[in-house]
Amino acid sequence: MDATAETGGSAGGIATAYAVGLTDRYNAAVAAKPVINWISKTLTGDIYTFQIDHQFPGMPWDNFEHYWQRSPLSLVGNVTTPTMLMTGEEDFRTPISEAEQFYQALKLRRIDTALVRVPDSSHGIAGRPSRLIAKVEHILAWFARYQTKISQDD
């Protein structure tokens, strides 16, 4: 079987973090700007009132299981895929504390992981050409570390 990679940012970062908890099919993954724990995210992110009112059935403390079941952190015990996390240090949409939670959990499980903190950057971590290049270089280096084939057909 060919080596495969999984990556995404923001909603794609959530999907990536969730996917590595559901399957071991990936050789490596990079989750950029992910929400890892919907309970903490709705209490720290910048659009919490919108999300609570429109995406959830109520407050996190009243609907803990609903939030937790949708959180990639709930599946971290299943993760075997080496996973890099990448977030802007000034990201209020998906605060860096979200990536830090997954990073620490993977470290505790002894899963190879890395946390890339993009300085002076908000949710648009690739908003400047130099940051776009750095983002791509980090992702390619992580995938190369695991000899992950990157297909242009994907």
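No value in this document is a laboratory result; all are computed from the given coordinates. Note that the structure is a prediction, hence the values are computed from the model and not measured. Here Cβ is always computed from backbone atoms with ideal geometry, including for glycine, and neighbour counts include all displayed protein chains.
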Measuring from its Cα centre, the chain shows a charge dipole (+1 at each Lys and Arg Cβ, -1 at each Asp and Glu Cβ) which, in debye to the nearest 20, is 340
The extension gain from GLU90 to LEU75, computed as 0.36 nm times the residue separation minus the Cα-Cα distance, is 2.7 nm
Those chymotrypsin sites (Phe, Trp or Tyr not before Pro) from the stretch 5-100 that are DSSP loop and have at most 11 other Cβ neighbours within 10 Å turn out to be TRP61
The extension gain from ILE133 to ARG109, computed as 0.36 nm times the residue separation minus the Cα-Cα distance, is 5.6 nm
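At 20 Å minimum axial length over the Cα atoms and a Kyte-Doolittle cut of 0.0, report the qualifying DSSP H helices in the chain, or say none.
The answer, listed by residue number, is 129-145.
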Applied in sequence order to the stretch 114-124, the curve 6.51 cos²θ - 1.76 cosθ + 1.60 (Karplus, θ = phi - 60°) yields integer Hz couplings, x standing for Gly and Pro, of 8, 10, 9, 9, 8, x, 6, 10, 9, 5, x
Over all directions, the stretch 47-86 yields a Cα convex hull whose mean projected area in nm² is 3.9
Excluding residues fewer than 8 positions from LYS41 in its own chain, the aspartates and glutamates with Cα under 16 Å of it are ASP53, ASP62, GLU65, GLU89, GLU90, ASP91, GLU98, GLU100
Two pseudo-spin positions, 7 Å from Cα along C-beta at GLN51 and at ARG25, lie apart in nanometres by 2.7
With -39,500 (n - 2.57) per DSSP H segment of 4 or more residues and division by the full residue count of the chain, the 222 nm estimate, nearest 500 deg cm²/dmol, is -12000 deg cm²/dmol
